[in-house]
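The values are calculated or read from the model by the stated rules, or taken from the named source; none is laboratory data. For clarity, every value in this text was computed on a predicted model and none was experimentally measured. Ideal geometry is used to build each Cβ from the backbone, glycine not excepted, and the neighbour counts take in all protein chains shown. For the accessible areas, the whole protein counts, side chains as well, though only heavy atoms, and no ligand, DNA or RNA atoms are used. Shrake-Rupley method; radii C 1.70, N 1.55, O 1.52, S 1.80 Å.
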Amino acid sequence: MDIVKSLRYPEELFNLVKFKMGGCRTVMPKLDYESMSESLRTCYLYLNQTSRSFAAVIQALDGELRHAVCIFYLVLRALDTVEDDMTIPFEKKVPMLNDFHTYLYQTDWCFTESHEKDKQVLEDFPTISLEFRNLGQEYQDVISDICQRMGVGMAEFLEKKVGSMKEWDQYCHYVAGLVGIGLSQLFSASQLEDPEVGRATELANSMGLFLQKTNIIRDYLEDIQVARAFWPHEAWSQFACRLEDLAEPAHLVSALSCLNLLVTDALHHVPDVISYLARLQNQSIFNFCAIPQVMAIATLSACYNNPEVFQGVVKIRKGQAVTLMMQATNMAAVQSIMAQYSQKMLQRLSLTDPSRDKTLCVLHVIQERTVSQTPLPSRVTHLSPIYLSAAMLLAAVSWQYLSTTPGQPQGNTDIHGH
């Protein structure tokens, strides 16, 4: 039960109950589905069915940008579903990935042979492509271009494994960096952000890479159990003969060394994330971009030097996720959150870890970028233990009463799947 996991964190309890009682509407306003066409309503249905983390923040975007990003997400989800489906023969999958962007202009194209959990976006692709063609040309051009580039990149990595650290960056660029670049171009196309945001491709790429690398690091065990390998050979081969050996208890020290090396690599994107977010002017776009990033650094902090990465999937508490979602609505708060989680990693540095000096260096850079920010105040730190005990009991009762309320956020991050 989510409330039990947050019993030691009173502010999380407060925010969980507040969220369930309607606080979610401050960052996730309710959509008017009645005014939408049937096909557009269907697209939002698919969005909510397939997105673990982004459905809520997408639906909070302003105006026509909301629809453009929804369709962008679904198009890339469909493309990603083709890539993930191991039942599609290689000789069939490669041309599908390369040509996928052309299906956007084919009114009847669909694929009914997928066995993936999100197969509905392929089976009913005509509905998605219809709404794509209903978008303004400026949005269509961005979505089609990113889809084409991503499909080519995915096809390339079907034929090779992620070897070097440079190839890890390249793979993450194809499946996530391009998402960041495309979103930035959509923001500018909507005129809700300055054209410079759409041109800052290196910063946008880092936004995507930080999220994707966090997902890959967190999902180590889940991936190797289905014979998928996204940790770069250059990293894990320093510590084991086979990637799956890292899950063996006898290899725990080596496994943690490899894990910390990859976490350190991912942390190098945080300064770019801060620079990117500082350029945003529209509140809904800021929330959309900032919330996944603060959840990512919280997840990465939870993974750092943590043996549980090799025993299951490490997730942040739902109360933690709700608190981050409600806090990360301005630049000062985001910097404070980044400083908080980088400090937690600093406190857990191992004296014997091979990457210790590099980790220390990048964490100090992050601290320097956030040094002027004071910790976010807690609404409950001044309360007495007796009062907190009563509040926890009240929160538990309230949570039970409100537990049927929909719209709970997921306690993990995801860019669009990998």
Descending packing, highest mean Cβ count within 10 Å first, for 78-87, 202-211 is 202-211, 78-87
For the range 265-307, inverting the pair-averaged 1/r of distinct alpha-carbon atoms gives a Kirkwood value in Å of 11.3 Å
Quick calc: nm separation of the 7 Å Cα→Cβ label points for Gln283 and Ala229 -> 4.9 nm
Which of Lys166/Lys358; Lys92/Lys213; Lys166/Lys213 exceed 23 Å between C-alpha atoms? The answer is Lys92/Lys213
Once Lys and Arg are counted +1 and Asp and Glu -1 for all other residues with Cβ under 12 Å from that of Leu192, the total becomes -3
Output for the range 103-151: GluC sites (Glu not before Pro) sitting in coil per DSSP, at most 15 other Cβ within 10 Å, listed by number, reads Glu113
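Which FRET efficiency value, to the nearest 0.05, do you get for Cys241 and Met86 by plugging their Cβ-Cβ distance into 1/(1 + (r/R0)^6) with R0 = 25 Å? Write down the numbers at each step before the final one.
Details: r = 25 Å, r/R0 = 0.98.
So, using R0 = 25 Å, E works out to roughly 0.55.
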Relative to the compact-globule estimate 2.2 N^0.38 Å (N residues), the Cα gyration radius of the range 217-372 stands at a ratio of 1.08
Once both label points are put 7 Å beyond Cα along the C-beta direction, the Val253-Leu158 separation in nm becomes 4.3 nm
Most packed first (mean Cβ within 10 Å per residue), the peptides 321-331, 59-69 order as 321-331, 59-69
For Lys119, counting only aspartates and glutamates whose alpha-carbon sits under 13 Å away and dropping same-chain residues fewer than eight positions off, the answer is Asp80, Glu83, Asp84, Asp85
The convex hull of the Cα atoms of the range 92-187, divided by residue count, gives a volume in Å³ per residue of 106 Å³
In whole Hz, the Karplus estimates of ³J(HN,Hα) for the range 76-89 (6.51, -1.76, 1.60; θ = phi - 60°; x where Gly or Pro) are 6, 5, 5, 4, 5, 5, 5, 4, 6, 6, 6, 8, 7, x
With Gln238 itself left out, Lys, Arg at +1 and Asp, Glu at -1 over residues whose Cβ is under 14 Å from its Cβ give -2
In terms of the alpha carbon gyration tensor, root eigenvalues a ≥ b ≥ c, rounded if a/c is under 1.5 and otherwise prolate when a/b exceeds b/c or oblate, the range 114-245 is oblate
Binned at 5 Å starting from 0, the alpha-carbon pair-distance distribution of the range 186-243 in whole percents comes out as 4, 16, 17, 17, 12, 9, 9, 9, 6, 2, 0
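List the trypsin sites (Lys or Arg not before Pro) in the range 98-166 that DSSP assigns to loop (not H, G, I, E or B) and whose Cβ has at most 15 other Cβ atoms within 10 Å. Which are they?
Lys117, Lys160, Lys161
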Lys and Arg at +1, Asp and Glu at -1: neighbours of His67 with Cβ under 12 Å from its Cβ sum to -1
Once Trp236, Trp168 are ranked on solvent-accessible area with the largest value leading and a 1.4 Å probe, the list reads Trp236, Trp168
Note to self: C-alpha centroids of the range 143-189 and the range 226-252 sit apart, in Å, by 24 Å
